[in-house]
Amino acid sequence: MKSSRRTFLITSIGVASSLALSRQAFADAPKVSESDPTAVALGYKNDAAQVDKAKYAKYAAGQQCNNCQFFQGKPTDAWAPCPMFGGKQVSGKGWCSAYTKKA
């Protein structure tokens with residue numbers, strides 16, 4: 001029993017520290033630039049109000065990164081990683097054509 005408890009505690013501490021380190025790695029991820037080739041291809045803008053509505057008819061008011069299912073942060077985060085941009089951070093107020101409303 002002691003061995004199981006000890007193993008559990010050691011494993012739990014390891015998992016918790018790994019999660020903390022990965023969270024810090026996300027916070028240190030570079031911010032995506034609007035001139036980044038992927039950003040250009042997806043029509044990414046740091047400010048959703050700047051989206052070319054004629055070119056991206058899919059865009060609708062209220063759509064922005066912080067309410068997209070791909071935004072890997074809290075809705076209140078100013079910047080958070082996005083898998084569409086290889087984990088680079090996107091603006092919470094941004095938008096791209098990969099936008100998919102969070103369920």
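Could you list, in sequence order, all residues of the range 75-84 that are under 9 Å from the mean Cα position of the chain (by Cα) and either buried (at least 20 other Cβ atoms within 10 Å of the Cβ) or over 18 Å from Ala41 (Cα atoms) (or both)?
The initial filter retains those residues of the range 75-84 that are under 9 Å from the mean Cα position of the chain (by Cα), namely 79-84.
Answer for the range 75-84, where residues must be under 9 Å from the mean Cα position of the chain (by Cα) and either buried (at least 20 other Cβ atoms within 10 Å of the Cβ) or over 18 Å from Ala41 (Cα atoms) (or both): Trp79, Ala80, Pro81, Cys82, Met84.
Checking Ala57 against (1) surrounded by 16 or more Cβ atoms within 10 Å (Cβ to Cβ); (2) of a type in the set (A, V, I, L, M, F, W, C); (3) more than 12 Å from the chain's Cα centre (by Cα), only one condition comes out false. Which one?
The single condition Ala57 does not satisfy is (1).
How about the range 27-46: which of its residues are within 15 Å of the chain's Cα centre (by Cα), part of a loop (DSSP other than H, G, I, E, B) and touching a residue at least 40 places away in the same chain (Cβ under 8 Å)?
Ala29, Pro30, Val32, Tyr44, Asn46
Mind listing whichever residues of the range 50-94 are aliphatic (A, V, I, L, M) and touching a residue at least 24 places away in the same chain (Cβ under 8 Å)?
Once the filter is applied, which keeps residues that are aliphatic (A, V, I, L, M) and touching a residue at least 24 places away in the same chain (Cβ under 8 Å), the range 50-94 yields Val51, Ala80, Met84, Val90.
Considering only residues of the range 42-54 that are of a type in the set (A, V, I, L, M, F, W, C) and surrounded by 12 or more Cβ atoms within 10 Å (Cβ to Cβ), which is farthest from Ala103 (Cα to Cα)?
Filtering the range 42-54 for residues that are of a type in the set (A, V, I, L, M, F, W, C) and surrounded by 12 or more Cβ atoms within 10 Å (Cβ to Cβ), the one farthest from Ala103 (Cα to Cα) comes out as Val51.
What do you reckon, is Ala20 among the small types (Gly, Ala, Ser), modelled with pLDDT of 95 or more and not in a loop (DSSP other than H, G, I, E, B)? Full working, then the answer.
Details: among the small types (Gly, Ala, Ser): yes; modelled with pLDDT of 95 or more: no; not in a loop (DSSP other than H, G, I, E, B): yes.
So Ala20 does not fit the description; no.
The values are calculated or read from the model by the stated rules, or taken from the named source; none is laboratory data. As the structure is a prediction and not an experimental result, all values here were calculated from the model. Every residue, glycine as well, gets a Cβ built from its backbone with ideal geometry; the counts of neighbours run over all protein chains shown.
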